[in-house]
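Here is the structure we will look at.
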Amino acid sequence: MESALRAIQKHRRLQLQIIATGMHLDPKHGHTVRRIAADGWHIDTVVPWHGTNRAVATGEAIAALAREFVRLKPDVVLLVGDRVEALAAATAAHLCDVVVAHVHGGDRALGQMDDSLRHAISKLAHVHFPATAESANRLAKMGEERWRIHRVGSPGIDEIHHLAAPPLRIRKQFPGIKAGQFALLVLHPIEADESAEFQRASIVLKGVTQTDVERIVIIHPNNDPGSGGITRCWEMIAGSGRYIVRQDVSRAVFLGLLRDSAMLVGNSSSGIIEAASFRTPVIDVGPRQLGRQRCEDVRNVPYRQSSIAAAVTRIFNSGTPRRGKCANLYGGKNTGRRIATTLERLKVDQRLLRKIISY
């Protein structure tokens, strides 16, 4: 969302406010609220995110966010995707009669409950910024009025080559890796059972390890229920052999890794959205991203060691990795600026705030 936030910040008729919550506050996931501040952003308020029960945490966050919306008096609440934090913000804003603007609505992704949350947020949203024509059409089929839908592309693709950390910085932070000779592994849970997720992580790890790929760079999972099992697997091999394990990296470094890797392995949405911009092939493991619009360079395989190893071997191509050929389906042009311009032109009135299904 950085390009959209910067465009809003620079716009002479818009004022940016930032609320930090959710995984940004979690020490186990890098406590990235500090990085937001270190990057020069002013955080207007922090809303705590308590406990591991998502329903309880979401309910408490709805109440806390509602109080902050009353205090900060925003005209629009801008949010993205399908996370529970976004659902909490959309619910609180809608019930406070504040315009909800939703980025990446209309997409499909199985996840844990991603599809349901994303479409619930869309029904609460007053303005939609879908990334693709397919997603825009899906919103219309959900009964959203066409004048509310603004297809702009994905803000995560804006200036992606410029934002990626240069190769020298990547080599300094990850000694021993060579461009095109390492696999980037990012795996998120598909269910809350930590034992099952530990086994899945072990299968993926063994599948990549049995190939000739020189190094394997692993980034910890998100905080979805079940992530502890994946984390436990990574902690067992951190610092040993061919493995480089990081709890968290900056977006610039992640993009640099994605650009320089031979392939991305796992089930991260970055394999669906960002990877194509670097022509990085993707091995999408399991059902988490099922139903998501993707380019032909994303190959889905089951949680089976032999299938993963075969897919890695094919792409690695005896040390001369095959690169992708598909253009990025999610790429827009100046997406952040287009979002800011649309927000500035909004007329906040009863027509915008009072929704009715279009059929």
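The values are calculated or read from the model by the stated rules, or taken from the named source; none is laboratory data. What you see is a predicted model; the values in this text were computed from it and never measured. Glycine gets a Cβ as well: all are built from the backbone with ideal geometry, and neighbour counts include every protein chain shown.
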**OP:** From VAL245, VAL253, VAL217, grab the single residue that is among the hydrophobic types (A, V, I, L, M, F, W, C) and touching a residue at least 60 places away in the same chain (Cβ under 8 Å).
**Re:** VAL253
**OP:** Note down all Cβ pairs under 8 Å where the first residue falls in the range 174-189 and is closer than 18 Å to SER240 by Cα, the second is among the aliphatic types (A, V, I, L, M) and part of a loop (DSSP other than H, G, I, E, B), and they're at least six residues apart or on different chains.
**Re:** GLN181/VAL213; GLN181/ALA262; PHE182/VAL213; PHE182/ALA262; ALA183/VAL213; ALA183/ALA262
Original post:
Residue check: is LEU25 of a type in the set (A, V, I, L, M), within 17 Å of the chain's Cα centre (by Cα) and surrounded by fewer than 18 Cβ atoms within 10 Å (Cβ to Cβ)?
Top reply: yes
**OP:** Determine whether ARG279 is on the phi > 0 side of the Ramachandran plot, basic (Lys, Arg) and outside the structural domain of SER135 (by TED's automatic domain parsing).
**Re:** yes
**OP:** Go through the range 256-270 and give me each residue that's in contact with a Phe, Trp or Tyr (Cβ under 8 Å, 6 or more places away or on another chain) and over 22 Å from SER202 (Cβ atoms).
**Re:** LEU257, LEU258, ARG259, ASP260, SER270
**OP:** Find the residue count for the range 285-302, including only residues that are surrounded by 23 or more Cβ atoms within 10 Å (Cβ to Cβ) and either of a type in the set (A, V, I, L, M) or without any contact (Cβ under 8 Å) to a residue 60 or more places away in the chain (or both).
**Re:** 1
**OP:** Mind listing just one residue for me: the one in the range 136-165 that is touching a Gly at 6+ places or on another chain (Cβ under 7 Å) and in contact (Cβ under 8 Å) with a residue 60 or more places away in the chain and, of those, farthest from MET1 (Cα to Cα)?
**Re:** ALA165
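For (1) over 24 Å from SER250 (Cβ atoms); (2) in contact with a Phe, Trp or Tyr (Cβ under 8 Å, 6 or more places away or on another chain); (3) in the same structural domain as GLY228 (by TED's automatic domain parsing), each residue gets a yes or a no:
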position: ILE18; (1), (2), (3): no, yes, no
position: MET23; (1), (2), (3): no, yes, no
position: ARG34; (1), (2), (3): no, no, no
position: ARG54; (1), (2), (3): yes, no, no
position: THR58; (1), (2), (3): yes, no, no
position: ARG83; (1), (2), (3): no, no, no
